[in-house]
1. Mind scanning Lys82/Lys198; Lys237/Lys303; Lys345/Lys440; Lys303/Lys440 and naming the pairs with a C-alpha gap bigger than 31 Å?
2. Just tell me which aspartates and glutamates come within less than 14 Å, Cα to Cα, of Lys289; anything on the same chain fewer than 8 places away is out.
3. If DNA, RNA and ligands are ignored and the probe is 1.4 Å, what is the ranking of Thr329, Thr115 by accessible area, most exposed first?
4. Students often forget the sequence filter, so: which aspartates and glutamates lie under 16 Å Cα-Cα from Lys301 once same-chain residues fewer than 8 apart are removed?
5. Once the other residues with Cβ under 13 Å from the Cβ of Val370 are scored (Lys, Arg +1; Asp, Glu -1), what is the net sum?
6. Could you go through the range 94-100 in sequence order and give the Karplus-derived ³J(HN,Hα) for each residue, using 6.51 cos²θ - 1.76 cosθ + 1.60 with θ = phi - 60°, rounded to whole Hz, and x for Gly and Pro?
7. Within a Cβ distance under 11 Å of Asn397, other residues only, what is the Lys/Arg minus Asp/Glu net charge?
8. Quick one: if the Förster radius is 60 Å, what FRET efficiency do Thr80 and Arg332 give, using the C-beta to C-beta distance and rounding to 0.05?
Amino acid sequence: MMKQIFGKLPRKPSKSSQHEPNGDALNGSRLNGGTVNSHSSSSANSNQGKKTDPLASQAGLMLVSGIYEALPGFRDVPSTEKQSLFLKKLNMCCVVFDFGDPTKNLREKDIKKQTLLELVDYISSVTSKFNELAVQEMTRMVAANLFRTFPSPNHDNKLLEMYDLEDEEPAMDPAWPHLQIVYELLLRFVVSPETDAKLAKRYMDHSFVLKLLDLFDSDDHRERDYLKTILHRIYGKFMVHRPFIRKAINNIFYRFIFETEKHNGIAELLEILGSIINGFALPLKEEHKLFLVRALIPLHKPKCASTYHQQLSYCITQFVEKDYKLADTVIRGLLKYWPVINSSKEVMFVGELEEVLEATQAAEFQRCQVPLFRQIGRCLNSSHFQVAERALFLWNNDHIRNLIIQNRSVILPIIFPALERNTNGHWNLAVQSFTLNVRKIFTDVDHVLFDECLSRFQEDELKEKEMQERRELTWKHLEDVASSTTAASNEAVLVSRFVSSIAIATATATSPTPKAMVGS
């Protein structure tokens with residue numbers, strides 16, 4: 001009995017705990033096989049030196065003194081003692097166990113799990129405002145359990161080059177059964193009407209938000225889903241943090257795009273931003289437009305864009321729907337990052353392009369129609385049938401088809417060669433069939449323009465054929481000259497076939513007897 005009484009008294013923290021810099025280092029030791037860690041020093045740093053409760057040092061010493069016993073339930077104590085019990089349970093949950101070894105501290109882990117569940121129920125049913133000490137202890141407990149560094153091998157660039165991230169099995173954190181309850185506790189605390197935003201923002205500060213954002217790189221999708229919901233709620237409740245959150249997400253994107261191209265949480269962050277963009281007031285601020293140009297559009301560049309393209313496309317479309325004048329900027333941005341040899345990514349780009357064009361007005365369409373349909377023409381002639389089909393499906397969209405018809409005098413001459421080549425020689429019958437349907441649209445709308453384009457195409461083809469014949473004759477003549485020279489001098493003569501074909505064609509047109517370009 002006396003041992004238990006003395007064990008409950010506040011004790012001076014050890015020197016080792018005083019010198020540990022932050023919660024990340026403490027959690028790092030947990031991941032490396034430590035059994036239990038106290039995060040009292042972590043909370044002091046994360047809360048920037050704010051006052052702490054004398055009970056804070058108890059958690060780290062509970063197991064040392066052999067005292068990790070379940071506390072009474074909230075129903076078993078008078079109402080006047082519930083707040084004190086709440087603080088004690090929070091302190092108790094600051095102890096972090098090693099979940100890498102399932103045989104260690106089984107009893108203590110079970111006690112902590114039950115305590116966390118009791119805290120969740122208490123926060124859901126509490127009817128009085130949380131005071132400053134409760135908010136402080138809550139953030140300290142959350143920091144102790146959640147804020148940690150992830151194992152570096154999964155994020156090493158050289159190792160990641162050896163395999164495809166999409167084919168890798170997702171990693172599951174063995175501590176998730178406890179982490180999930182902590183996340184649920186944090187979520188309910190943030191959304192609780194008894195949590196005063198003006199008070200809580202002192203502890204859920206910029207440092208707290210940054211560490212939450214760091215957790216988005218978790219390999220466990222379940223953790224990222226919780227983080228997505230919690231960060232969205234924090235953004236909604238703490239208006240003062242909104243510009244900082246947007247800037248911090250921008251920085252994550254910049255580092256991902258221009259440095260690492262490795263991050264697990266881009267899709268979840270974009271999903272949060274999709275909701276944020278949807279709530280932007282009009283007219284859009286210059287800050288938001290710069291975010292579109294500098295972060296969202298360049299996100300099309302990384303090779304792994306397919307893992308978050310759906311969320312990215314939604315954000316881009318939201319911008320165009322908010323301000324249709326941005327359509328030209330977005331379309332030119334897509335053309336800038338258009339994939340060259342990645343057919344599956346190209347199909348995604350055409351799909352996103354359709355969504356953007358559906359929200360585009362005539363004036364913005366006319367500004368970018370020439371480079372746009374040069375690219376669409378290349379897609380029409382793609383040897384990958386899905387790319388060609390997806391490009392032809394643009395004509396199935398009523399709004400896009402009307403825009404094309406209104407500007408057919410510019411567009412048809414650009415894509416007509418691609419349509420004719422598909423009709424005459426594409427290997428896929430479905431692509432040929434769809435191409436005939438598109439040709440019929442133009443012939444029905446403007447037969448005269450179609451005939452003009454057909455006549456011009458036939459003339460160009462004839463000129464190309466004649467030029468090709470001249471090239472062949474020129475090379476034949478060069479080979480004959482080289483052969484005669486070799487026979488006369490009995491020496492080897494090198495005929496360079498890397499001479500510009502344009503130069504040869506020009507020489508053929510200006511001189512009836514082109515000079516042989518020979519060298520020894």
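1. Working: Lys82/Lys198 24 Å; Lys237/Lys303 36 Å; Lys345/Lys440 29 Å; Lys303/Lys440 38 Å.
Over 31 Å Cα-Cα: Lys237/Lys303; Lys303/Lys440.
2. Straight-line reach from Lys289, under 14 Å: Glu321, Asp323, Asp328.
3. Numbers: Thr329 55, Thr115 5 Å².
Reading off the accessible areas and sorting them downward yields Thr329, Thr115.
4. Glu259, Glu261, Glu346, Glu352
5. On the way: positive: Arg332, Arg367, Arg374; negative: Asp328.
Here the charged neighbours net out to +2.
6. 6, 6, 10, 9, 8, 8, x
7. Overall, the nearby charge balance is -3.
8. It comes out at approximately 0.35.
The values are calculated or read from the model by the stated rules, or taken from the named source; none is laboratory data. Note that this is a predicted model, so its numbers are computed, not measured. Heads up, the Cβs are rebuilt from the backbone with ideal geometry, glycines too, and the neighbour counts pull from every protein chain shown. Side chains are part of the model used for accessible areas, which takes the heavy atoms of the whole protein and leaves out ligands, DNA and RNA. Shrake-Rupley method; radii C 1.70, N 1.55, O 1.52, S 1.80 Å.
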